[in-house]
Amino acid sequence: MTNKDLESLNFPNTWIKITLNELLELIRNGLSRKQNKSNIGIPVSRIETISNELINYEKVGFIENLTEEEVKKYSLQYGDILFSNINSDSHLGKTAIFFNHQPLLHGMNLLLIRVDKNIISFSFLNSVFQLYRFSGVFISIAQHAVNQSSINQSKLNNLLFPLPPLNEQHRIVEKIEELFTKLDASVTELKNVKKQLKRYRQSVLKSAFEGKFDSSKSKWNIYTLGELILESQLGLVRSKREQNNLHQGTAYIKMNNVGMDGSVSLNNLVYVEVSNEEKNKYLLKESDILFNTRNSLELVGKTGIITRLSEEIIYNNNLMRIRFGENINPQFIVYQMCSLEFRANMELVKKSTTNVAAIYAKDLFPLKIKAPSIDAQKLIVEEIESRLSVADKIEEEIDKNLKRTEQLRQSILKKAFEGKLVPQDPNDEPAEKLLERIRKERELKK
Amino acid sequence: MTDSATIVSKLWNYCNVLRDDGVSYGDYVEQLTYLLFLKMADEQTKPPFNREAIVPDKYNWQKLTTLDGDALEVQYRHTLENLAKEEGTLGIIFRKSQNKIQDPAKLKRLITLIESETWIGLDIDIKGEIYEGLLQKNAEDTKSGAGQYFTPRALIKAIVEVINPKPSETICDPASGTGGFLLVAHDYISHKYDLDIDQKKFLKSNTFFGNDIVDGVVRLCVMNLYLHGIEANISAEDSLVSDPGKRYNIVITNPPFGKKSSITVFNGEGKAEKESLVYERPDFWTTTSNKQLNFLQHIKTILDINGRAAVVLPDNVLFEGGAGEKVRKELLKQFDLHTILRLPTGIFYAQGVKANVLFFDKKPASETNWTKNVWIYDLRTNIHFTLKTNTLKYSDLEDFIKSFNSANRFERKESERFKPFTYEDIIKRDKTSLDIFWLKDESLEDTDNLPDPDILADEIADSLELALEQIREIQNFLTT
């Protein structure tokens, strides 16, 4: 949306379009004095003080030795809007309303916008700011530098705003807040579900390896991982310079392709040139396990299984390929290696320096693996998969719908500022009349 | 036979026979209500009671027992139609009544089943228990939606315990359902106090008041109370329409949850239209289509000065912006909102409901805020209930009852699950939200005790249900 689009917006006839400067009592930059972060002096706003449309009192600066006059002049008042006019494109135009929970001075790098309360509700204006921000109005009027953009104060002053009758503004704001808190609650729950799903996956694995899904009642034996391994081998070294993403050579799996959940992603593969001999040595086939031997302390030890191959693929030297004998279902082992219990044991054998951690084969192989008969292993894997696939599907849906909730938010705002969210009341004083009255009063005061 | 459970199961088994004919649980309980009432009215006319018949001879129980086949069906139909026109309890019980058992042979069997028992001779407690048993069964039938009227008995008992009703106090439930709150309060007062004759009379006839918007439910409620020996004043109307004028010492209630923020009305062309229910009432703080907020505002009106209220309300009343914020601010200021009990999930028949009990007292007008501290009891975090296997029991609420300290609630002790929050702190929260938690949720944190998959799956379902519920409400508003 640009200013042109705003000019052509259709409103109910009790509304008018008006430039921002007509709605304000005050718009200005903040106090530009040296700030400290060591709680000395009086708290003052900074760019990062605005987060999630609220004022975060933990992220304020402090200024010492101010005169009483300065404190008085720059103290924020109830209903003041702080506007981020210098920021990266994605944060440009962020706002927060000051509700006077704790005293705060207006610092530099944020604009203070104080509305004329006789004409416009500060909450209403703030909601319009939100819509403008998300629909790109602010970016369209900003000046862009390398890392940040800025909005010139006079351009902002000349931006068009919808102005409904004052009573209607309050009704709109109230309805928006009601709908948005429901939306927020929904988003919180959806995010909660994502966390719960993580726990659910772990819990499924735990139950599986406690034997709870084993209906065959076959005997479980304890092995060392090493005993079960038929063959293991670290991958091929190719430096970053030798890798391309132009499909030249052979596909090359790296550690970031291995997930935390036992999967191996074949997206974003890179390619390397290899000899025939190398290719034969490092070629992957289905059911191969890849174990991540070197990574950050947190990520090292990720294990994934190749479930399908789209082309010939080889693998990187931070990964170890593991193959098992006939009596072992590799997927069963991968799930076990992803369980909290196995991870806890792996934790004890991690070797780390400041930058990188490693797990060596000689430390990994003695770790314990529990397994029933091959038939039971297969059934347990099926039980796990039926549960995890449902969890995956739910997570996918949640991610999609989290994006949709953002869209919904914007579309509610848009509807609101077209006058379609709440009904008009013929008894309300039309915005034009109100403005005329206020202008006259202003004249008289002069 | 005096074992109430046996009678319940006998009556209930027969219901399964009727189910094959398309008679729902709800319909069945309703038909039982009519027949039981006729039977007991009949018993009252005989020795040793020898009372004057309240049911006209033409439509009494005797007539039904003598007939068969189509003649029985016709007689029963006429009985229902005509008794609906009577005044008083009779009229309330039979209002808009219809025969739902189309097969006369099956109707006959049910009549014979009831005939074989002497109901009036049964102890009041047992009769009430039988009927309550049937209502509970009906509530468990979630498909019929009957569950929304049912609050777990353990919870009701705990609420009544801390509200501590006394003889000669009036008690109202403006969303009475089948009368659970009123019954428990009746039990509480009659067991705790040694009542004199006047007090007994007051308890029986002048203590209990109720309302429900659904005709059928009012019928069940009146019958339920009647079988417990209570003459309650229950009316079948929408509580929210206007200020009834009467004020009560105690209001205890569980208003219906969500989903029905709009009703379907039919316009002149027979097309269904959705209409938002908005109540314009001068005594309300704000106009909203949110049903729970409207109930809360209604309760603040009908409560007498120094009256006490306990209301079961869903979470969104605690966090919702707009009208919700306005209502919370006024409640904190004009009332003493002293306690919030955060209920666990899995205790209501409606899925995924996250609810609370708000306890507040009405106070005379004042310049300053009446609420000083809101004590919140968290019975939700890391607590798991289900309707079938792990149900909420009274013992689960004992710590809350103790912590509430109704004998002297100004001498409460803080504990892991029970904390006070000052008015000043709450007022500063975004949207004056009362949705406050402080305990770590073990199902989300990496602790040694990872819950079983089924518990986590329950919680995920609850969260999704709740997310869905919020979106539905938004959808509901946007499409009307």
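So the values come out like this:
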item	result
Options B:Leu358, B:Leu303: the member that is over 23 Å from A:Val187 (Cβ atoms) and in contact with a Cys (Cβ under 9 Å, 6 or more places away or on another chain)	B:Leu303
Boolean, A:Lys370 is part of a helix (DSSP H, G or I) and of a type in the set (D, E, K, R)	no
Odd one out for B:Asn294, checked against (1) more than 23 Å from the chain's Cα centre (by Cα); (2) farther than 17 Å from B:Leu434 by Cβ	(1)
Scope the range A:376-399; condition charged (D, E, K, R) and under 16 Å from A:Tyr335 (Cα atoms); matching residues	A:Lys378, A:Glu382, A:Glu383, A:Glu385, A:Arg387, A:Asp392
Those residues of the range B:381-406 which are in a loop (DSSP other than H, G, I, E, B), within 20 Å of B:Glu161 (Cβ to Cβ) and not small (Gly, Ala, Ser), in sequence order	B:Ile383, B:Phe385, B:Thr391, B:Leu392, B:Lys393, B:Asn405
Among (1) open to solvent by less than 50 Å² (accessible area, probe 1.4 Å); (2) away from chain B (no Cβ under 14 Å); (3) more than 30 Å from A:Arg439 (Cβ to Cβ) - the single one A:Ile151 does not satisfy	(3)
Single residue of the range B:323-358 satisfying the filter (within 11 Å of chain A (Cβ to nearest Cβ) and in contact with a Leu (Cβ under 8 Å, 6 or more places away or on another chain)) that is farthest from B:Tyr423 (Cα to Cα)	B:Gly352
Hits in the range A:48-66 - residues which are of a type outside the set (Val, Ile, Thr) and not in a loop (DSSP other than H, G, I, E, B)	A:Glu48, A:Ser51, A:Leu54, A:Gly61, A:Phe62
Which listed residue, of A:Ser275, A:Ser263, is within 25 Å of A:Leu367 (Cα to Cα) and among the polar types (S, T, N, Q)	A:Ser263
Yes/no for B:Asp42 being more than 27 Å from the chain's Cα centre (by Cα) and modelled with pLDDT of 85 or more	yes
Matching helices (runs of 4 or more DSSP H) fully within the range B:1-94 where at least 2 residues are among the acidic types (Asp, Glu)	B:25-44, B:69-83
The listed residue being surrounded by fewer than 16 Cβ atoms within 10 Å (Cβ to Cβ) and under 28 Å from B:Ala236 (Cα atoms), out of B:Asp70, B:Asp103, B:Asp42, B:Asp57	B:Asp57
Qualifying residues in the range A:154-168 (those that are in a helix (DSSP H, G or I) and open to solvent by less than 10 Å² (accessible area, probe 1.4 Å)) - the one nearest to the other protein chains (Cβ to nearest Cβ)	A:Glu168
Every residue from the range A:62-76 that is among the aliphatic types (A, V, I, L, M) and under 14 Å from A:Ser32 (Cα atoms)	A:Ile63, A:Leu66, A:Val71
Members of the range A:297-315 found to be farther than 24 Å from A:Ser339 by Cβ and assigned to a loop (DSSP other than H, G, I, E, B), listed by number	A:Leu309, A:Ser310, A:Glu311, A:Glu312
Residue satisfying all of: in the range B:282-309; open to solvent by 20 Å² or more (accessible area, probe 1.4 Å) and farther than 26 Å from B:Ile159 by Cα; modelled with the lowest pLDDT among these	B:Ser289
Subset of the range B:420-477 [facing chain A (nearest Cβ under 7 Å), assigned to a helix (DSSP H, G or I) and without any contact (Cβ under 8 Å) to a residue 40 or more places away in the chain]	B:Lys428, B:Asp430, B:Pro453, B:Leu456, B:Ala457, B:Ile460, B:Ala467, B:Ile471, B:Ile474
Residues of the range A:201-224 that turn out to be touching a residue at least 40 places away in the same chain (Cβ under 8 Å), in contact with a Leu (Cβ under 7 Å, 6 or more places away or on another chain) and surrounded by 22 or more Cβ atoms within 10 Å (Cβ to Cβ), as a count	2
Of all residues in the range A:179-200 being touching a residue at least 60 places away in the same chain (Cβ under 8 Å) and of a type in the set (Val, Ile, Thr), the one that is nearest to the other protein chains (Cβ to nearest Cβ)	A:Val193
Residue match in the range B:375-397 (condition: out of contact with any Ser or Thr (no Cβ under 8 Å at 6 or more places or on another chain), within 24 Å of A:Thr181 (Cα to Cα) and within 13 Å of chain A (Cβ to nearest Cβ))	yes
The range B:281-307, residues that are among the hydroxyl-bearing types (Ser, Thr, Tyr) and either farther than 14 Å from B:Arg247 by Cα or touching a helix residue (DSSP H, G or I) at 6+ places or on another chain (Cβ under 8 Å) (or both)	B:Thr286, B:Thr287, B:Thr288, B:Ser289
Candidate set from the range A:230-267 (those that are among the hydrophobic types (A, V, I, L, M, F, W, C) and buried (at least 17 other Cβ atoms within 10 Å of the Cβ)); member that is farthest from A:Leu299 (Cα to Cα)	A:Ala251
Where A:His101 falls short, out of the listed (1) over 29 Å from A:Ile18 (Cβ atoms); (2) within 13 Å of another protein chain (Cβ to nearest Cβ); (3) out of contact with any Lys or Arg (no Cβ under 7 Å at 6 or more places or on another chain)	(3)
Strands (runs of 3 or more DSSP E) completely within the range B:144-255 that count 1 or more residues being under 15 Å from the mean Cα position of the chain (by Cα) and not β-branched (Val, Ile, Thr)	B:171-173, B:208-211, B:233-235
Pairs where the first residue, in the range A:387-404, is facing chain B (nearest Cβ under 9 Å) and the second is aromatic (Phe, Trp, Tyr) and part of a helix (DSSP H, G or I), C-beta under 6 Å, 6+ apart	A:Ala391/A:Tyr200
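Conditions tested, residue by residue: (1) more than 14 Å from every other protein chain (Cβ to nearest Cβ); (2) in a helix (DSSP H, G or I); (3) within 20 Å of B:Phe477 (Cβ to Cβ).
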residue	(1), (2), (3)
A:His170	no, yes, yes
A:Glu177	no, yes, yes
A:Gln202	no, yes, no
A:Ser215	yes, no, no
A:Gly226	yes, yes, no
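The rows are residues; the columns are (1) open to solvent by 30 Å² or more (accessible area, probe 1.4 Å); (2) over 18 Å from A:Ile141 (Cα atoms); (3) in contact with a strand residue (DSSP E or B) (Cβ under 8 Å, 6 or more places away or on another chain).
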{"residue": "A:Asn13", "(1), (2), (3)": "yes, yes, no"}
{"residue": "A:Gly41", "(1), (2), (3)": "yes, yes, yes"}
{"residue": "A:Glu48", "(1), (2), (3)": "yes, yes, no"}
{"residue": "A:Asn56", "(1), (2), (3)": "yes, yes, yes"}
{"residue": "A:Ile63", "(1), (2), (3)": "no, yes, yes"}
{"residue": "A:Leu76", "(1), (2), (3)": "no, yes, yes"}
{"residue": "A:Asp80", "(1), (2), (3)": "no, yes, yes"}
{"residue": "A:Ser88", "(1), (2), (3)": "yes, no, yes"}
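The values are calculated or read from the model by the stated rules, or taken from the named source; none is laboratory data. Just so it is clear, the model here is predicted, and its values are computed rather than measured. Every residue, glycine as well, gets a Cβ built from its backbone with ideal geometry; the counts of neighbours run over all protein chains shown. The area values use the complete protein model at the heavy-atom level, side chains included, leaving out ligands, DNA and RNA. Shrake-Rupley method; radii C 1.70, N 1.55, O 1.52, S 1.80 Å.
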